Amino acid sequence: MASTIPERDGQRADSRVSMNDLVVSREVVVGMPQGLHARPADLLTREARKWQSRIELLKNVQRVDGKSILEVLTLAAEAGTRLVVEATGPDAREALEAIGGLFDRNFNEQEN
Amino acid sequence: MKFSDFVATNAIRSHVDAHTKEGVIREMAQSLVEAGNIAASDLESIVKAIMKREDLGSTGIGRGVAVPHTKHPSVSRLVGTVAVSHDGVDFESLDGEPVQLFFLLVSPPDRPGDHLRALENISRQLRDETFCRQLKAARGPVDIQHLLEEADSHGVAS
C-alpha cells in the first residue's frame, strides 16, 4: 500500500523538488532467486525513465537513482532484500505503482 | 568484492581485434582459456551461453561499457576479465553508444551473490568517469591491471 506524503513548504531541504510535488514510497522485496541483477535492473531503469518524477531506491542508508542502471547495480540486492522505492514528482503515484508492480511480478523472471 | 577477486590478470586485453559482439565475447573467452581459467573444451558452450544471455537484453549498460556474462557449471568460482576496444563495438547498448570497455563474467550457477557483488564493484567504480576514461585509454594490459589495483585500494571493500 503506497503512503502519500504531500510536500509542504520547508518540510524538505531539497532544491530539486518543487513544493507542489508528491513524495510517495513503498517497500518492495527482491523476489528473484538471482537478486536484482543486470536484466531486472535494466527493466527497472527503463520503467523509471518513463516518468517525470524522480525515482530513488533505498537499501538501508544507501540511496540510488532509479533511472541509472550503474547506480541500481551498486545496490547488489540479493534475493530477499527489502528496498524502499521513493517517487517524487507530479506523476509519483503512477510511477510508484508501475515500479512496485515490477517487483510484485518478480520482473517476469523465469526460474533458472 | 574487489577486481582482484575475479579478474584474471593474464586474460586482460587492451586491444581487442573483433568488431562484433560475438567476436569480442569469443576473444575474451579465449583469453580466459589461454590464462587457464576455463577449459578449451568449454569455450563454445560458454560463448553460446553468453550470447543467449545477450538475446534477453544487451548487457551494454551505457557509458561505453558492457558486462557480458553467464552462469556456467564448468567454473567453481567467479572468473572474469577486462578488455578494451579502441574502435568501439556495436553492442546494442541501452544508450545506443558503441562499447569500448568490456567486463566478462562467468559464474558458478549456485553463487548468484558473488555475481551481484562483482556487478556492484564494476558499476560503483565506473561511476568515476576518470577511471572509465583511463581504462579506455590503456595502452597495455599492465596499464589496466594497475588501474584496477588502484581502484581496489581506493574502493570500499565489500
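Only strands (runs of 3 or more DSSP E) wholly contained in segment B:53-94 count here; list those with 3 or more residues that are under 10 Å from the mean Cα position of the chain (by Cα).
By residue number, B:79-89.
Take segment B:57-71 and flag every residue that is out of contact with any Asp or Glu (no Cβ under 7 Å at 6 or more places or on another chain) and within 21 Å of B:Asp114 (Cα to Cα). Walk me through it before giving the result.
Kept after step one, since they are out of contact with any Asp or Glu (no Cβ under 7 Å at 6 or more places or on another chain), are these residues of segment B:57-71: B:59, B:61, B:63, B:65-67, B:69-71.
Within segment B:57-71, B:Thr59, B:Ile61, B:Val65, B:Ala66, B:Val67, B:His69, B:Thr70, B:Lys71 meet the criteria.
Out of curiosity, is B:Ala83 within 28 Å of B:Ser41 (Cα to Cα), surrounded by 13 or more Cβ atoms within 10 Å (Cβ to Cβ), within 14 Å of chain A (Cβ to nearest Cβ) and modelled with pLDDT of 95 or more?
no
Condition check: surrounded by fewer than 17 Cβ atoms within 10 Å (Cβ to Cβ), among the charged types (D, E, K, R), part of a helix (DSSP H, G or I) and more than 11 Å from chain B (Cβ to nearest Cβ). Does A:Arg63 satisfy that?
Criteria not met by A:Arg63.
Is there any pair with a first residue in segment A:86-112 that is of a type in the set (Lys, Arg) and a second that is at pLDDT 95 or above whose Cβ atoms are under 8 Å apart and which are 6 or more apart or on different chains, and what are they?
Going by the 8 Å Cβ cut-off, the qualifying pairs are A:Arg93/A:Val24; A:Arg93/A:Ala87.
From the list A:Leu57, A:Leu102, A:Leu36, which residue is modelled with pLDDT of 95 or more and assigned to a helix (DSSP H, G or I)?
A:Leu102
May I ask you to verify whether A:Asp91 is surrounded by fewer than 23 Cβ atoms within 10 Å (Cβ to Cβ), within 11 Å of chain B (Cβ to nearest Cβ) and at pLDDT 95 or above? First the steps, then the outcome.
Details: surrounded by fewer than 23 Cβ atoms within 10 Å (Cβ to Cβ): yes; within 11 Å of chain B (Cβ to nearest Cβ): no; at pLDDT 95 or above: yes.
Taking the combined requirement at face value, the residue does not satisfy it.
Of the conditions (1) modelled with pLDDT of 95 or more; (2) surrounded by fewer than 23 Cβ atoms within 10 Å (Cβ to Cβ), A:Ala77 fails just one. Which one is it?
(2)
Conditions (1) of a type in the set (Phe, Trp, Tyr); (2) in contact (Cβ under 8 Å) with a residue 60 or more places away in the chain; (3) within 14 Å of chain A (Cβ to nearest Cβ); (4) touching a helix residue (DSSP H, G or I) at 6+ places or on another chain (Cβ under 6 Å), marked per residue:
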residue: B:His15; (1), (2), (3), (4): no, yes, no, no
residue: B:His19; (1), (2), (3), (4): no, yes, no, no
residue: B:Glu44; (1), (2), (3), (4): no, no, no, no
residue: B:Asp87; (1), (2), (3), (4): no, yes, no, no
residue: B:Phe91; (1), (2), (3), (4): yes, yes, yes, yes
residue: B:Gln100; (1), (2), (3), (4): no, no, no, yes
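Quick check on B:Arg26: is it modelled with pLDDT under 95, closer than 23 Å to A:His37 by Cα and surrounded by fewer than 21 Cβ atoms within 10 Å (Cβ to Cβ)?
no
Being out of contact with any Phe, Trp or Tyr (no Cβ under 8 Å at 6 or more places or on another chain), surrounded by fewer than 15 Cβ atoms within 10 Å (Cβ to Cβ) and of a type in the set (Gly, Ala, Ser) is true for just one of B:Ala49, B:Ala39. Which residue is that?
Unique residue meeting the criteria: B:Ala39.
Restricting attention to segment B:105-124, and to residues there that are part of a helix (DSSP H, G or I) and more than 7 Å from chain A (Cβ to nearest Cβ), which single residue is surrounded by the fewest Cβ atoms within 10 Å (Cβ to Cβ)?
If we take residues in segment B:105-124 being part of a helix (DSSP H, G or I) and more than 7 Å from chain A (Cβ to nearest Cβ), then B:Asp114 is surrounded by the fewest Cβ atoms within 10 Å (Cβ to Cβ).
Can you report the number of residues in segment B:47-66 which are small (Gly, Ala, Ser), within 18 Å of A:Arg46 (Cα to Cα) and without any contact (Cβ under 8 Å) to a residue 24 or more places away in the chain?
Result for segment B:47-66: 1.
The values are calculated or read from the model by the stated rules, or taken from the named source; none is laboratory data. What you see is a predicted model; the values in this text were computed from it and never measured. Heads up, the Cβs are rebuilt from the backbone with ideal geometry, glycines too, and the neighbour counts pull from every protein chain shown.
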